[in-house]
Amino acid sequence: MNKKIKISIVMILVLLLAYAVFYFTEYHHAEKTATDMLAGTENVSVNNVSKGLFLDGYGNDTALIFYPGAKNEYIAYLPMFVDLASRGVDCYLVKMPLNFAFFGQGSADDIIKTTNYSHYIMAGHSLGGLSASAYAANSNKTEGVILIAAYPNEEISKPVLSVYGSEDGILNMKAYNESKHLISNLTEFVIDGGNHEQFAYYGVQEGDYAAKISPEVQQDLCVGKMLEFINNITLSD
């Protein structure tokens, strides 16, 4: 291998490394609406834990473990899940390595091992939903999965709730529909006027369509359906 080829290979590797650093360090930051919730509310305390944030409401029987979407700061989802915690379901918002759930798919293990809830529900947004469903599919420690603008890539025998907005420009509907055969117990809920980004507060996401409802309405509808789904699982035991 001559010197010119060696130099070219080194340059290519340096460029690839530079691109990787740029790609993984650029992400959607949580907006003020979300960061203001770090102080908690009258009914829900927000606590820093080793895997992210623990949202502690009045409930002590059921915990939801949430994986954020790729390149989305986990704090951006605080308002929606503080609302859920205020209705009796404690929540863990997982801080993922490099903001990619793929690199922390097993994070739920550490949470489950160090807590003592009777019921655990997995949930995730977008690509975080893919990782959450993969964890649930291969674990006997969780009882259900909530996919928010997401779909699985392997079979799930547990109850699954799928929630997405009618104006979602990010969710691949062809792949979503093709994945339905992997789910044996599916409940779908389409939020009329909702889009992809309004399940959290991280700003505009390129490729998404404009929502026809506010983030508050979209998230309230999602929380209501999540609570109904979780209650159907936990109260039937």
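The values are calculated or read from the model by the stated rules, or taken from the named source; none is laboratory data. The shown structure was predicted, so the numbers you read here are calculated from the model rather than taken from an experiment. Note that each Cβ is placed from the backbone with ideal geometry, even for glycine, and that neighbours are counted across all protein chains shown.
Summary of computed values
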quantity: Candidates D110, D90, filtered to the one that is touching a residue at least 40 places away in the same chain (Cβ under 8 Å) and not polar (S, T, N, Q); calculated: D110
quantity: Criterion violated by F103 - all others in (1) closer than 17 Å to Q219 by Cβ; (2) at pLDDT below 95; (3) of a type outside the set (A, V, I, L, M) satisfied; calculated: (1)
quantity: Filter pass, N60 being without any contact (Cβ under 8 Å) to a residue 60 or more places away in the chain, of a type in the set (S, T, N, Q), in contact with an Asp or Glu (Cβ under 9 Å, 6 or more places away or on another chain) and part of a loop (DSSP other than H, G, I, E, B); calculated: yes
quantity: Single unsatisfied condition, I65 versus (1) in a loop (DSSP other than H, G, I, E, B); (2) modelled with pLDDT of 95 or more; (3) within 14 Å of the chain's Cα centre (by Cα); calculated: (1)
quantity: Cβ-Cβ under 9 Å pairs, at least 6 apart or on other chains, segment 37-50 side surrounded by 15 or more Cβ atoms within 10 Å (Cβ to Cβ), far side of a type in the set (S, T, Y) and assigned to a loop (DSSP other than H, G, I, E, B); calculated: V44/Y58; V49/T114
quantity: Options E188, E178, E216, E206; residue that is more than 19 Å from I65 (Cα to Cα), acidic (D, E) and at pLDDT below 95; calculated: E206
quantity: Residue in segment 169-191 that is touching a Gly at 6+ places or on another chain (Cβ under 9 Å) and of a type in the set (D, E, K, R) present; calculated: no
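Residue by residue, here is whether (1) crowded, with 24+ Cβ neighbours inside 10 Å; (2) under 30 Å from N47 (Cβ atoms); (3) of a type outside the set (D, E) holds:
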position	(1), (2), (3)
G104	no, yes, yes
I121	yes, yes, yes
L127	no, yes, yes
N140	no, yes, yes
I170	no, no, yes
I183	no, no, yes
D192	no, no, no
E197	yes, yes, no
